[in-house]
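The values are calculated or read from the model by the stated rules, or taken from the named source; none is laboratory data. Since the model is a prediction, treat every value here as computed from it, not as a measurement. Using ideal geometry, Cβ is built from the backbone for each residue, glycine included, and neighbour counts are taken over all protein chains shown.
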Amino acid sequence: MTKIAPDDGFDHESYPDSYIHDILTSVKTVAMVGASPNPSRPSYFVLKYLLAKGYDVHPINPGHAGKTLLGREIYGDLADVPKPVDMVDIFRNSEAAGPITDAAIAAGAKVVWMQLTVRNDEAARRAEAAGVKVVMNRCPKIEFGRLSGEIGWTGVNSRTISAKRTKLQKGYQHFGLRPLK
């Protein structure tokens, strides 16, 4: 059974829904390190989705610094973001996640979120020792969709296979996270 608090021996293999829900409802400002202006890249989709859900997302990519992405200025470094960030979303490899995590701690971030396939246990230990919540090998877009019910209402994960188009109820196109039961 997974323990709720990281300081109680959290293994980062699985996360309670309450832990993820708390992060996604408390975070308002996100710095996305490794954001890509290429619309076929996962970071582009996640950035667009988080913006649509009302998050204030700041793309970080030194190769595109000074340009804009989805109407947002791209910064070259986390330290260049002109306002405090609640969460740093890492779209870089596991090795790069270490220094990015250290920069997130220095910047006062409350959460370090490492994307799918990104895991750095030593960086996670440093972050948690500094009081920063950590999520590894997960995607906030997927987790938001799962916890809000968006994934289920489109027929995904409903255990029903059908070629019929789902009829959406009024208001479903503007889902937010609902309270956990």
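Being among the small types (Gly, Ala, Ser), touching a Ser or Thr at 6+ places or on another chain (Cβ under 7 Å) and without any contact (Cβ under 8 Å) to a residue 24 or more places away in the chain is the requirement here; does Ser14 meet it?
yes
For Ala103, are the conditions met, namely being touching a strand residue (DSSP E or B) at 6+ places or on another chain (Cβ under 7 Å), among the small types (Gly, Ala, Ser) and free of Cβ contacts under 8 Å to residues at least 60 places away in the same chain?
The answer is no for Ala103.
Search segment 120-133 for residues that are of a type in the set (Val, Ile, Thr) and pair each with any residue that is surrounded by fewer than 22 Cβ atoms within 10 Å (Cβ to Cβ) and modelled with pLDDT of 95 or more when their beta-carbon atoms are under 8 Å apart and the residues are at least 6 apart or on different chains.
So the pair list comes out as Val132/Ile105; Val132/Lys110.
To keep it simple, each residue is scored yes or no on (1) buried (at least 16 other Cβ atoms within 10 Å of the Cβ); (2) at pLDDT 95 or above; (3) not in a helix (DSSP H, G or I).
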{"position": "Pro82", "(1), (2), (3)": "no, yes, yes"}
{"position": "Val85", "(1), (2), (3)": "yes, yes, yes"}
{"position": "Ala96", "(1), (2), (3)": "yes, yes, no"}
{"position": "Ile105", "(1), (2), (3)": "yes, yes, no"}
{"position": "Trp113", "(1), (2), (3)": "yes, yes, yes"}
{"position": "Ala124", "(1), (2), (3)": "yes, yes, no"}
{"position": "Ser158", "(1), (2), (3)": "no, no, yes"}
{"position": "Thr166", "(1), (2), (3)": "no, no, yes"}
{"position": "Gln169", "(1), (2), (3)": "no, no, yes"}
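Can you report the number of residues in segment 49-67 which are part of a loop (DSSP other than H, G, I, E, B) and among the aliphatic types (A, V, I, L, M)?
Summing the residues that are part of a loop (DSSP other than H, G, I, E, B) and among the aliphatic types (A, V, I, L, M) in segment 49-67 gives 1.
It is to be established whether one or more residues within segment 23-35 are surrounded by 15 or more Cβ atoms within 10 Å (Cβ to Cβ), at positive phi, at pLDDT 95 or above and assigned to a loop (DSSP other than H, G, I, E, B).
Taking every residue of segment 23-35 in turn, at least one turns out to be surrounded by 15 or more Cβ atoms within 10 Å (Cβ to Cβ), at positive phi, at pLDDT 95 or above and assigned to a loop (DSSP other than H, G, I, E, B).
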